[in-house]
Amino acid sequence: MSKSILIDTTRCIGCGACAAACKVVNRLPFDKPDDEKNRPSATCKDDDLVAFAQSVGADELGGVLSAGKLNVVQTHGSIFVRRFCMHCQEPTCASVCPVGALHKTAAGPVVYDADKCMGCRYCMMACPFSVPRYEWKALLPRVKKCTMCAPRQAKGLQPACTEVCPVQAGIFGERDDLLKEAEKRLREEPAKYFQHIYGKEEVGGTSVVYLSAVPFEQLGLPANLPSDPMPLLTYRVLSKIPSVVPLAGVLLGGIWWITNRREEVAKAEGKE
Amino acid sequence: MNFTKFPKLTFWRAVLVLILAVGFYSTVLRFTRGLGAVTNLSDQFPWGLWIGFDVLCGVGLAAGGFTLAAIVYVFHIERFHAVLRPSILTAFLGYALVAVALLFDLGKPYNIWHPLVMWNPHSVMFEVAWCVMLYLTVLALEFSPAILERFQLHTPLRVVKAATIPLVITGVLLSTLHQSSLGSLYLIVPEKLHPYWYSPLLPVFFFISAVGVGIAMVIFESNLSSRAFGREIEMPLLEVLGRALAVVLMIYGLLKFDDLWVRGALSHLREPSTETLLFLLEITLGLLFPLLMLFFRKIREDREGLFAVAVLVITGFLLNRLNVSITGMEASSGVHYFPRWTEVAVTLSIVGVGFLLFSLAVRYLNVMEKQVPGARYQVPEKTSHLAPLS
């Protein structure tokens, strides 16, 4: 069971409700301070969340991912593109974290444990989608990224962003089902779509997949990503260590022993 | 009672005091206002000077320790013993100061101990953290004879000296692991690091260049110490090191050129970019010029000539690490990074403290070999006959 999100950029109308909803449930400040007046609680009923998000969504358009904005709606030409964590199947961020502060849950989301984190920021360096952001101004800074609303999912709800979307541009479901749906759309309307599901195989597959009318580079998504998960690049090197190190140790010990023998012989001969 | 005179205020000491003062100010800012207030780091560029220089260069420059230890103890080339202890000291101070630099760069430095109990063996950084911690311990033990001798602690001294060979071998293994792993850190960003520097051979390049700069650092440090402490320089030793350096540079050069060619990266040389400029600077200063110079006996046997070669190699090394971590990562980041003056102040302070501690150690401990040949401190076979320490 691996939950995923399918983003169909041909359906997105750029209302910004997803960006607003994300800020509500993650308790992040709105772009327009006026919107704070009517802010619902982070655990409000979904009906209230939908109503609020759709009403102030336009104020949340644009910008970039940051510690205060975990889901952005950007414009590329005339296309609206929602960007957030891809929740990779084999997340690079989780593999590089020295203390295992990030990990892929069985349910699908890649989650972050701030208590473990020491703030090395390798995850930020390594993520091929440049998703994780940092609280640079805080004294106890945390890495910030979308959690696919793991707490809401635990309560049987769907992520806030897909809950509030008025046109089902972003839909939530099982990865296999969403991929089937995506393939169905590509098949049934080939002229409408660029024939590729972004995230199906990139870096080992991601839980967030995209459909588009144009090549994905034009939407600001990294192009030319390998289908091998990135962690393999370092695993190929790290996995050799347990065998190489003892061998090298024996080799060095051997050299010492051999050269030591020469010294002992030289000393013995010198004494004679 | 004799009052010690206040140390004379020389030019360099004044510079050091100034640097430390600015560094202190930056330190206060760092820990009261956070990373954003003291650095030019950003979401697009999370690793800057403190990683690129303090950690990557710092660890590399401290590499002389393991190279020399291997030469003296494993390969039994005893005549390098004279330059061994200063190299171990440089290494120990270098690594200790890298740890200090990390306390600045980590977002939550009080969690620096977490890799001890929270494990992710898939992470290169986990491996680096462990290797550095273990190696720091090894270096401390390797250097301890200098301190134990000073305080005449004979039994611990015997124990440590008996453990020398296993310690040295462990040290060489650990060094090889983490020097190469610092390169492996960048294996995970093939689409972000510029082809001049990205390669599946990154760990190999980092290791070979660490050996090379380690040798150069021994030459460099010997020269500086000779000038600062008024000692004769051990030229015959340095001449051999010069040859070894030439061999290392040649191996690196061949591997690097082959790797660039095979991956089609040489075509980038046609682009008149900052990357091209800095790459060529790195290769000419750090590889071509020193290699050319080392082929001339006049330079190999000349104190100033070897010093110049060492300085060039060290400069090239610094350029390489900064190119990998900063120059090569800029284009893909979409931003331009340059360290803030407070970042530079912290870095310079750490370097300054390193020089200070080195000179203090030389003054108060037996670090430099006594100039009389054969006058090595001898550990007595048995300690029972010695008077107990009062």
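Residues A:Gln153, A:Gln158: which one is without any contact (Cβ under 8 Å) to a residue 40 or more places away in the chain, under 28 Å from A:Asp48 (Cβ atoms) and touching a strand residue (DSSP E or B) at 6+ places or on another chain (Cβ under 7 Å)? None of the other options fit; the residue is A:Gln158.
Counting only helices (runs of 4 or more DSSP H) that fall entirely inside the stretch A:14-122 and contain at least 1 residues that are within 22 Å of A:Pro222 (Cβ to Cβ), at pLDDT 95 or above and in contact with a Ser or Thr (Cβ under 7 Å, 6 or more places away or on another chain), the qualifying elements are A:92-96. Counting only helices (runs of 4 or more DSSP H) that sit wholly inside the stretch B:117-221, those with at least 1 residues that are modelled with pLDDT of 90 or more and away from every other protein chain (no Cβ under 14 Å) are B:124-150.
Give me a count of the residues in the stretch A:221-267 that are over 21 Å from B:Ala70 (Cα atoms) and among the charged types (D, E, K, R). Within the stretch A:221-267, residues that are over 21 Å from B:Ala70 (Cα atoms) and among the charged types (D, E, K, R) number 4. Considering the stretch A:128-165, and only residues there that are among the β-branched types (Val, Ile, Thr) and assigned to a loop (DSSP other than H, G, I, E, B), the residue that is surrounded by the most Cβ atoms within 10 Å (Cβ to Cβ) turns out to be A:Val131. Only one of the numbered conditions (1) within 14 Å of chain A (Cβ to nearest Cβ); (2) small (Gly, Ala, Ser); (3) surrounded by fewer than 23 Cβ atoms within 10 Å (Cβ to Cβ) is not met by B:Ser226, and that is (1). Taken together, the residues in the stretch B:25-67 that are farther than 17 Å from B:Thr347 by Cα, under 13 Å from the mean Cα position of the chain (by Cα) and of a type outside the set (Val, Ile, Thr) amount to 4. Remark: A:Gly253 matches the filter, which requires a residue to be among the small types (Gly, Ala, Ser), under 13 Å from B:Ile169 (Cβ atoms) and out of contact with any Gly (no Cβ under 8 Å at 6 or more places or on another chain). Among residues of the stretch B:75-95 that are without any contact (Cβ under 8 Å) to a residue 24 or more places away in the chain, those with a Cβ under 7 angstrom from a residue that is not hydroxyl-bearing (Ser, Thr, Tyr), sequence gap 6+ or separate chain, pair up as B:Phe75/A:Ile255; B:His76/A:Asn260; B:His76/A:Glu263; B:Ile77/B:Ile71; B:Glu78/B:Val72; B:Leu84/B:Leu68; B:Leu84/B:Ala69; B:Leu84/B:Val72. Is it the case that some residue within the stretch A:56-78 is in contact (Cβ under 8 Å) with a residue 12 or more places away in the chain, more than 18 Å from A:Cys18 (Cα to Cα) and surrounded by fewer than 22 Cβ atoms within 10 Å (Cβ to Cβ)? Yes - at least one qualifying residue is present in the stretch A:56-78.
Residues of the stretch A:219-234 that are out of contact with any Ser or Thr (no Cβ under 8 Å at 6 or more places or on another chain) and either more than 12 Å from chain B (Cβ to nearest Cβ) or of a type in the set (A, V, I, L, M) (or both): A:Leu221, A:Ala223, A:Leu225, A:Ser227, A:Leu232, A:Leu233.
Scanning the stretch B:33-73 for residues that are buried (at least 24 other Cβ atoms within 10 Å of the Cβ) and touching a strand residue (DSSP E or B) at 6+ places or on another chain (Cβ under 9 Å) gives B:Leu35, B:Leu41, B:Pro46. Residue pairs, Cβ under 7 Å, 6 or more apart or interchain, first in the stretch A:238-265 and within 7 Å of chain B (Cβ to nearest Cβ), second in a helix (DSSP H, G or I) and among the charged types (D, E, K, R). List them. Partner pairs satisfying both residue conditions: A:Leu238/B:Glu127.
Could you tell me whether any residue of the stretch B:335-344 is modelled with pLDDT of 95 or more and buried (at least 23 other Cβ atoms within 10 Å of the Cβ)? Yes; the residues of the stretch B:335-344 include at least one that is modelled with pLDDT of 95 or more and buried (at least 23 other Cβ atoms within 10 Å of the Cβ). Among all positions in the stretch A:186-197, there is at least one residue which is buried (at least 20 other Cβ atoms within 10 Å of the Cβ) and more than 14 Å from every other protein chain (Cβ to nearest Cβ). Looking only at residues of the stretch B:95-116 that are in a loop (DSSP other than H, G, I, E, B) and within 7 Å of chain A (Cβ to nearest Cβ), we find that the one that is surrounded by the fewest Cβ atoms within 10 Å (Cβ to Cβ) is B:Ile112. Taking the condition closer than 24 Å to A:Leu211 by Cα, hydroxyl-bearing (Ser, Thr, Tyr) and either buried (at least 19 other Cβ atoms within 10 Å of the Cβ) or assigned by TED's automatic domain parsing to the domain that holds A:Thr206 (or both), does A:Thr43 pass? The answer is no for A:Thr43.
Selection within the stretch A:136-146: residues that are touching a helix residue (DSSP H, G or I) at 6+ places or on another chain (Cβ under 9 Å) and more than 8 Å from chain B (Cβ to nearest Cβ). The member of this set that is farthest from B:Asn40 (Cα to Cα) is A:Cys146. Do we find that A:Pro98 is within 21 Å of the chain's Cα centre (by Cα), within 14 Å of chain B (Cβ to nearest Cβ) and under 21 Å from A:Val143 (Cα atoms) in this structure? Yes, satisfied. From the list B:Val124, B:Val160, B:Val138, B:Val189, the lone residue that is farther than 27 Å from B:Leu277 by Cβ and touching a residue at least 60 places away in the same chain (Cβ under 8 Å) is B:Val124.
The values are calculated or read from the model by the stated rules, or taken from the named source; none is laboratory data. Just so it is clear, the model here is predicted, and its values are computed rather than measured. Heads up, the Cβs are rebuilt from the backbone with ideal geometry, glycines too, and the neighbour counts pull from every protein chain shown.
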